[in-house]
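Asker: Please see the structure below; I have some questions.
The values are calculated or read from the model by the stated rules, or taken from the named source; none is laboratory data. Note that this is a predicted model, so its numbers are computed, not measured. Note that each Cβ is placed from the backbone with ideal geometry, even for glycine, and that neighbours are counted across all protein chains shown.
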Amino acid sequence: MESTFVMVQMESVEDPMKNLKKAAEWTEKAVKKFHPDFLVFPETVMAEFQKDTSREERRAAAQPLDGSFVRGMQELSRTFGVWMVFGMQETVEDPGDARSYNTTVMLNDRGSIVQVYRKTHMYDAFGYEESAELKPGDRFFEPVSTPFGTIGLFVCYEVRFPEVARHQRAKGAEIILMPTAWVKGDMKSLHFRTLVTARAIENTVFLLACDQYSRIRMGESLAVDPMGVTLASAGEGEQLIPVYIDTDRIASVRRKLPSYEDRRPELYRDLCDA
């Protein structure tokens, strides 16, 4: 089965409505140029905050799932007849909690919400404490059967946890999407490319990592096939990255590399307690 995914590597600002307008422009360009089945937007496409933005200001900018940003993206999806995934800052239920959720929304080509995922592993690393600003979710994304294959998902920092990708594979994922806002820094490009490729190989899945681009975000979006072959990659700057996927490739690779089937869970069942 062949399908066309397009990763939208774009730069966002703090104003969700300006970002929605830009997302609409990129969507129209993508549809005209590549006729995509599925658009993948970055993790912080709804709003990209400055480092000194307070929790209160971030919370004030957050929106519910029926807010103007999601409704606008739903309209784009319906108008252009494409599936899409995008990140947003979602309002938490507890009014006493100044944080918001780091949420990813999947829409079908009719603009309906198929699934919502709240990032579970917070980026408390490299001197940054995401958990101070964002509330973690309490469950993984459940892979979705689509006309293009079974699609799994995780977000950014979660690529550093093999268990997260393994859950997607165990639940039947053939294609895993990874919206991200990867921060520039020493060794970060190497880590990004190595981890994305490793998760694709060890689970024999396609993995598409769509990154934000900005002064602090590196871009370099990447798509890898189940054998670790790079299908598409980007450098810096805003751009569209088409990825042509043939899911027949998955069965071919899994026959040659049955590593998932060759596991011996009885030997490492207790690792979660280590």
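Asker: Please enumerate the residues belonging to the range 32-56 that are of a type in the set (Asp, Glu) and either touching an Asp or Glu at 6+ places or on another chain (Cβ under 7 Å) or surrounded by 14 or more Cβ atoms within 10 Å (Cβ to Cβ) (or both). Walk me through it before giving the result.
Answerer: First, pick out the residues of the range 32-56 that are of a type in the set (Asp, Glu): 37, 43, 48, 52, 56.
Result: Asp37, Glu43, Glu48.
Asker: State whether one or more residues within the range 101-109 are among the β-branched types (Val, Ile, Thr), more than 28 Å from Lys188 (Cα to Cα) and modelled with pLDDT of 95 or more. Break it down stepwise before answering.
Answerer: Residues of the range 101-109 that are among the β-branched types (Val, Ile, Thr), as a first pass: 103-105.
Add one more test, that the residue is more than 28 Å from Lys188 (Cα to Cα), and what stays is none.
Within the range 101-109, none of the residues are among the β-branched types (Val, Ile, Thr), more than 28 Å from Lys188 (Cα to Cα) and modelled with pLDDT of 95 or more.
Asker: Consider Tyr157 against the criteria (1) closer than 21 Å to Ser259 by Cα; (2) out of contact with any helix residue (DSSP H, G or I) (no Cβ under 7 Å at 6 or more places or on another chain): it satisfies all of them except one. Which criterion is unmet?
Answerer: Going through (1) closer than 21 Å to Ser259 by Cα; (2) out of contact with any helix residue (DSSP H, G or I) (no Cβ under 7 Å at 6 or more places or on another chain) one by one, Tyr157 breaks only (1).
Asker: Hey, among Glu202, Glu238, which residue is under 17 Å from Val159 (Cα atoms) and charged (D, E, K, R)?
Answerer: Details: Glu238 fails: under 17 Å from Val159 (Cα atoms).
One residue alone meets the criteria, Glu202.
Asker: Within the range 204-216, can you find the residues that are surrounded by fewer than 23 Cβ atoms within 10 Å (Cβ to Cβ) and touching a residue at least 12 places away in the same chain (Cβ under 8 Å)?
Answerer: The initial filter retains those residues of the range 204-216 that are surrounded by fewer than 23 Cβ atoms within 10 Å (Cβ to Cβ), namely 214-216.
The answer is Ser214, Ile216.
Asker: When Arg264 is evaluated against the numbered criteria (1) basic (Lys, Arg); (2) exposed (fewer than 15 other Cβ atoms within 10 Å of the Cβ); (3) closer than 21 Å to Thr44 by Cα, which criterion, by number, is the only one it fails?
Answerer: Checking Arg264 against (1) basic (Lys, Arg); (2) exposed (fewer than 15 other Cβ atoms within 10 Å of the Cβ); (3) closer than 21 Å to Thr44 by Cα, the one that fails is (3).
Asker: From the set of residues in the range 103-121 that are touching a Pro at 6+ places or on another chain (Cβ under 8 Å) and buried (at least 19 other Cβ atoms within 10 Å of the Cβ), which is nearest to Leu177 (Cα to Cα)?
Answerer: From the range 103-121, those touching a Pro at 6+ places or on another chain (Cβ under 8 Å) are 104, 118-121; that's our starting set.
Remaining after also requiring buried (at least 19 other Cβ atoms within 10 Å of the Cβ): 104, 118-119, 121.
Numbers: Thr104: 11, Arg118: 14, Lys119: 13, His121: 16 Å.
Out of the qualifying residues, it is Thr104.
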